[in-house]
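> Below you will find the structure I want to go over with you.
The values are calculated or read from the model by the stated rules, or taken from the named source; none is laboratory data. All figures in this text were calculated on a predicted structure; none of them were measured in a lab. Here Cβ is always computed from backbone atoms with ideal geometry, including for glycine, and neighbour counts include all displayed protein chains. Note: areas computed on protein heavy atoms with side chains; ligands, DNA, RNA excluded. Shrake-Rupley method; radii C 1.70, N 1.55, O 1.52, S 1.80 Å.
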Amino acid sequence: MPTFIQLSDLHLPEPGALLYGLDPFARLDAAIADILARHGPGSACPVDFAVLSGDLADRGDPAAYRALAVRLARLPFPSHLMVGNHDDRGALLAAFPATKSIAGGFIQDAFQTDAGRVILLDTLCPGAAHGELCAGRLAWLDTELSRSSGPVLLFMHHPPVAIGIASIDRLRLADAAALLGVLGPYKARVRHIFCGHVHRPVFGQWHGMNFSAVRGLGHQLALDFTATSNFPGCLEPPCYALVRASEAELVVHLHDFLDRSATFNL
Ligand SMILES: [Fe+2]
Ligand SMILES: [Fe+2]
């Protein structure tokens, strides 16, 4: 059964710097150590690949991407990189020259798994915090969907969904209606939409398609529905998603990898 990890919103600063009092590289090291211990080759649940769903660097710093490359080299499976609003495409591609991009320089990719076609979308609008999918990116998606068949696992940094916290909802995917127009004929094939950006564990549906979002590796967004203009930050524990998928089933586990509470037989 194809099994993969979703890591999101690493917000890596220049190496050595802290962000909101946290060391994002230490968080990344801890996540990688946990993944290797639980999901390495020969484990009970080995992983086939990872997707890093955007906001990899906090300010698009080239040194942050280079330091990320050193860390990801420890993983015995491929990592697929996506951009978020905090990222810089050029700096990312300089550190990860094998990353695929499409016409216009957008970092989009698709690959086949036994659970379906994985499609990674680029929702970055440089200089803005909200997400966009321009005509070129949507046309690429339309072509990708039309020439493939079977289930689709769609990844995009910015969710098309409003989660109810006004400040972050204003920064969701701006052209969600256009995306829905492209996905419309293929909705029955879309098994799941994996998002980042909101720094919260959220599951639900968008026009009948299942979606989820995960916490970041560092700072999080508090569950504060009074936040209309401010972004209520908090230091809830980080997590990564462990996904097991087949053509018929898809299960998303959110794992708080820093939790050290005791385990025992129930
Ligand atoms: Fe983020
Ligand atoms: Fe973001």
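> Mind giving me the nanometre distance, one decimal, between the label points for Phe225 and Leu254, set 7 Å out from Cα along Cα→Cβ?
Rounded to a tenth, the inter-label distance reads 1.7 nm.
> From the Cα gyration tensor of the stretch 1-135, with a ≥ b ≥ c the square roots of its eigenvalues, which class applies: rounded if a/c is under 1.5, or else prolate if a/b is larger than b/c, or else oblate?
Oblate shape, in that a/c is at least 1.5 and b/c is the bigger or equal ratio.
> To two decimal places, what compactness ratio does the stretch 100-176 give when its Cα radius of gyration is scaled by 2.2 N^0.38 Å?
1.16
> Same structure, new question: Take every DSSP beta bridge with both residues inside the chain and express the antiparallel ones as a percent of the total, to the nearest 5.
50 percent
> Kindly report the accessible area of the chain per residue (heavy atoms of protein chains, probe 1.4 Å, no ligands, DNA or RNA), in Å².
42 Å²
> Hey, what do the phi angles of the stretch 157-162 turn into as Karplus ³J(HN,Hα) couplings, whole Hz, using 6.51/-1.76/1.60 and θ = phi - 60°, x for Gly and Pro?
Using θ = phi - 60°, the values come out as 4, 7, x, x, 9, 7 Hz.
> At R0 = 25 Å, how high is the FRET efficiency between Met1 and Lys100 if r is their beta carbon distance? Nearest 0.05 is fine.
That pair, Met1 with Lys100, gives E of 0.50.
> May I ask you to compute the full-extension gain from Ala33 to Cys234, defined as 0.36 nm times their residue separation minus their alpha-carbon distance, rounded to one decimal in nm?
Fully extending the segment from Ala33 to Cys234 adds 70.0 nm.
> Separate question: Please give the direction-averaged projected area of the C-alpha convex hull for the stretch 48-199, in square nanometres with one decimal.
9.0 nm²
> Per residue of the stretch 20-33, what does 6.51 cos²θ - 1.76 cosθ + 1.60 with θ = phi - 60° give for ³J(HN,Hα)? Whole Hz please, x for Gly and Pro, Karplus curve as stated.
Listing the rounded values in order: 6, x, 9, 9, x, 5, 5, 5, 5, 4, 5, 5, 5, 4 Hz.
> Percent of Cα-Cα pairs more than 22 Å apart in the chain, please.
53 percent
> Carbon and sulfur together cover what percent of the accessible area of the chain at a 1.4 Å probe radius? Walk me through the intermediate numbers first.
Numbers: 6100 of 11220 Å².
Roughly 54 percent of what the probe reaches on the chain is carbon or sulfur.
> Give me the percent relative contact order of the chain, please, defined on Cα pairs under 8 angstrom at least 6 residues apart. All intermediate terms of the calculation are to be shown ahead of the outcome.
On the way: 580 pairs, mean separation 51.8, N = 266.
19 percent.
> Using only the Cα atoms of the stretch 173-266, build the gyration tensor, take square roots of its eigenvalues as a ≥ b ≥ c, and label the shape rounded, prolate or oblate: rounded if a/c is under 1.5, else prolate if a/b is larger than b/c, else oblate.
Oblate, since a/c reaches 1.5 and b/c is not below a/b.
> Karplus couplings for the stretch 90-103 from phi (6.51 cos²θ - 1.76 cosθ + 1.60, θ = phi - 60°), rounded to Hz, Gly and Pro as x?
Calculated HN-Hα couplings, in order: x, 5, 5, 5, 5, 7, 10, x, 7, 5, 7, 9, 10, 3 Hz.
> Please give the contour-minus-distance gain from Phe264 to Phe49: 0.36 nm per residue of separation, less the Cα-Cα distance, rounded to one decimal in nm.
74.4 nm
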